[in-house]
Each structure stands twice: as structure tokens, then as C-alpha cells.
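Here is the structure we will look at, set down as C-alpha cells.
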């Protein structure tokens, strides 16, 4: 199967509205920042704060799917992701991650993984990446809006 096929398969497998093995009771790590995330400014949400890099391709009451792109040499505007998510990366150039104050921080996807790669991420406070490569960064991010809600 080619890379595009693998990426499509990974994306399709995550659009169930729930991620196997993730629940507030069983796996608290994805939900650990959610309480704080509810206090983050809405205008700093990825789609509002960095619209050139985050395009909504699907949204419902349960999930939001973003296409994320960062061109070579580009630095995103600082933004946050208030919900836990799965990111499927099919182009991962060399980049530098920054926190909201512009301080360099470790990347969400360390090393040089075989692509496509799927990573689980908790809600992420304000951050930005700068693509310092000649290749674009490209990913799909599936955000789970209701995953950490308690009944």
C-alpha cells in the first residue's frame, strides 16, 4: 500500500467518534489538560489564530478534522488545540517548536519516524512550529471534542 493509501486508512480508522483505549477513567493522560483548556481564549484556537495553517475539512458535535500545513520557511501564529486528538503526519520536515512566549520546546513528534505516522496528543497549550526545511509539513488532525466529558 502506498503512503497516500496508508494515510487514508489511518484517517478512516480514527473517525469513529471515540478512540479505543481512551476514556477519562481508563487513560487520563489525553484528558489531563482538558480542564485548563476550557479556560483558554477561544480566539487562540488553531482555526482562528492560525487559519493559514489549519483548515477544517469536517466538523460535528463530536469531532473536528483539520488539515494542517506549514510551508517551508514559514512559522505559524501561536495557537492552541483544546481537545485531545490524533494526528496523522504524512510529511514531516525539520521544524522547531515554540511555546506561547517564543521559547523553544521539544517537538510533539520527535525524531524522524517512518511516514505516515499517527500520534495521540492531549489538549495542547499555545504553541507554534517553524518549518526550517525545504519540504512542507502536512498532517490531518482529528480532535475529539467529547472524549473527556464526564457523564
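Could you check region 103-122 and list, in sequence order, the residues that are out of contact with any helix residue (DSSP H, G or I) (no Cβ under 7 Å at 6 or more places or on another chain) and either in contact (Cβ under 8 Å) with a residue 12 or more places away in the chain or within 28 Å of residue 148 (Cα to Cα) (or both)? Listed by number, the residues that qualify are 105, 106, 107, 108, 109, 110, 112, 113, 117, 119, 121.
Considering the conditions (1) at pLDDT below 95; (2) closer than 24 Å to residue 132 by Cα; (3) exposed (fewer than 14 other Cβ atoms within 10 Å of the Cβ), residue 21 is excluded by exactly one of them, (2). Whenever a residue of region 131-151 is free of Cβ contacts under 8 Å to residues at least 60 places away in the same chain, its partners that are surrounded by fewer than 22 Cβ atoms within 10 Å (Cβ to Cβ) and in a loop (DSSP other than H, G, I, E, B), lying with C-beta atoms within less than 6 angstrom and at least six residues away or across chains, give the pairs 132/94. Please go through region 63-91 and pick out each residue that is part of a loop (DSSP other than H, G, I, E, B) and more than 13 Å from the chain's Cα centre (by Cα). 71, 72, 73, 74, 76, 77, 78 - these are the residues of region 63-91 that are part of a loop (DSSP other than H, G, I, E, B) and more than 13 Å from the chain's Cα centre (by Cα). Screening region 98-151 for strands (runs of 3 or more DSSP E) wholly inside it with 3 or more residues that are under 16 Å from residue 68 (Cβ atoms) and modelled with pLDDT of 95 or more returns the ranges 124-131, 137-144.
Considering only residues in region 45-62 that are in a loop (DSSP other than H, G, I, E, B) and over 15 Å from residue 82 (Cα atoms), the one that is farthest from the chain's Cα centre (by Cα) turns out to be 60.
The values are calculated or read from the model by the stated rules, or taken from the named source; none is laboratory data. What you are looking at is a predicted structure, and each value in this text was computed from that prediction instead of being measured. We place every Cβ from the backbone using ideal geometry, glycine too, and count neighbours over all the protein chains shown.
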